[in-house]
Amino acid sequence: HDFGPLPALSRLFSTPDFITQEKSQNHKEYLISGIKSWPEEDRPRERLLKEGEHKLSNTELLAILLRTGVKGDSAIDLARKILKKFKTFRNMSHTDMSAWKEFKGVGKAKISQIRAAIEIGRRFREDEVKETRPKIRTSKDAAQILMPRMRDLKYEIFKVLLLDSQNMIIDIAEIEQGTVNEANPIIREILHRAIESFASSIICFHNHPSGDPNPSAEDKNFTRQFIQASNTLNIKAVDHIIIGDDRYFSFADEKLM
């Protein structure tokens, strides 16, 4: 799926630059004295402020989040090692503390900063959608909006695209964490949000933490109840989309709506 470009924070999901980036000839000298003694034009934070965040490599962006290095490694060196292990920022976002134990000096505070920045990048996409209010024409249009935010979650959540009569997005609502086995309260909340927003139609999403988006019997039963309840209130249930690991299942595409 093509999720479109995200400025600045979208770099969090791109290929790390350490693969092709060569160390500066002055790297050893910098390492000994630390980033603060580097020429100002070479320091990541100063470069960001002067040239813009889009000019920085993934290593430099991560170094800014780390803020400081550890004994023997500058923040740049540490960032490079972290990217070498995890390959992408996305991979960092769903790791537990044990995956970081080899990086001495990288504790809960630094890991929290990194994961918070990644989550901001994901939420940026939703904020952008709310501002631009695109028209939803296909299941792919809908899925690409919420895939980045939902595909890596380790628990089920429900989200709803609230649409006007022209299928343009009014809002994106997140329903309290739950499962399809708790269909009635979730459907009530979905329809409550739709009425509040004066939505003409709705697209319901939930994720499968397993990564497999194929629907279970419970998912199919939930969808039937979702359609019936929506029809009662004269709100069109356009689709129910299940998000997996870079894949999705659309009940509408499969003629199950």
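Could you check segment 98-139 and list, in sequence order, the residues that are aliphatic (A, V, I, L, M) and assigned to a loop (DSSP other than H, G, I, E, B)?
Passing the criteria: 106, 136.
Pairs, please: C-beta under 7 Å, at least 6 apart or cross-chain, first residue in the same structural domain as residue 244 (by TED's automatic domain parsing) and closer than 13 Å to residue 243 by Cα and in segment 209-226, second at pLDDT 95 or above and among the charged types (D, E, K, R)?
213/247
Assuming residue 219 fulfils every condition listed in (1) in a loop (DSSP other than H, G, I, E, B); (2) modelled with pLDDT of 95 or more; (3) among the acidic types (Asp, Glu) apart from one, which condition is it?
Failing condition for residue 219: (1).
With respect to the numbered conditions (1) without any contact (Cβ under 8 Å) to a residue 40 or more places away in the chain; (2) in contact with a helix residue (DSSP H, G or I) (Cβ under 9 Å, 6 or more places away or on another chain); (3) surrounded by fewer than 19 Cβ atoms within 10 Å (Cβ to Cβ), which one is the sole condition not fulfilled by residue 101?
Every condition holds for residue 101 apart from (2).
Looking at segment 227-257, which of its residues are free of Cβ contacts under 8 Å to residues at least 24 places away in the same chain and either surrounded by 14 or more Cβ atoms within 10 Å (Cβ to Cβ) or assigned to a loop (DSSP other than H, G, I, E, B) (or both)?
234, 254, 255
Look at residue 169 and say whether it is in contact with a Pro (Cβ under 7 Å, 6 or more places away or on another chain) and touching a residue at least 12 places away in the same chain (Cβ under 8 Å).
Spelling it out, residue 169 is indeed in contact with a Pro (Cβ under 7 Å, 6 or more places away or on another chain) and touching a residue at least 12 places away in the same chain (Cβ under 8 Å).
Do we find a residue being in a helix (DSSP H, G or I) and modelled with pLDDT of 85 or more anywhere in segment 163-174?
Within segment 163-174, not a single residue is in a helix (DSSP H, G or I) and modelled with pLDDT of 85 or more.
Residue by residue, here is whether (1) surrounded by fewer than 16 Cβ atoms within 10 Å (Cβ to Cβ); (2) part of a helix (DSSP H, G or I); (3) modelled with pLDDT under 60; (4) not hydroxyl-bearing (Ser, Thr, Tyr) holds:
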position	(1), (2), (3), (4)
6	no, no, yes, yes
11	no, yes, yes, yes
23	yes, no, yes, yes
31	no, yes, yes, yes
48	no, yes, no, yes
77	no, yes, no, yes
85	yes, yes, no, yes
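Scan segment 105-137 residue by residue and report those that are surrounded by 14 or more Cβ atoms within 10 Å (Cβ to Cβ), closer than 27 Å to residue 166 by Cβ and among the β-branched types (Val, Ile, Thr).
Within segment 105-137, 129, 136 qualify.
Condition (residue is modelled with pLDDT under 95 and closer than 25 Å to residue 140 by Cβ) applied to segment 234-247: is it met by at least one residue?
Taking every residue of segment 234-247 in turn, at least one turns out to be modelled with pLDDT under 95 and closer than 25 Å to residue 140 by Cβ.
Filter segment 190-216 down to the residues that are part of a loop (DSSP other than H, G, I, E, B) and either touching a Lys or Arg at 6+ places or on another chain (Cβ under 6 Å) or among the small types (Gly, Ala, Ser) (or both) and list them by number.
197, 199, 200, 209, 210, 211, 213, 216
The values are calculated or read from the model by the stated rules, or taken from the named source; none is laboratory data. Since the structure is predicted, the reported quantities are computational estimates derived from the model, not experimental observations. Here the Cβ is made from the backbone with ideal geometry for all residues, glycine too, and neighbour counts use every protein chain on show.
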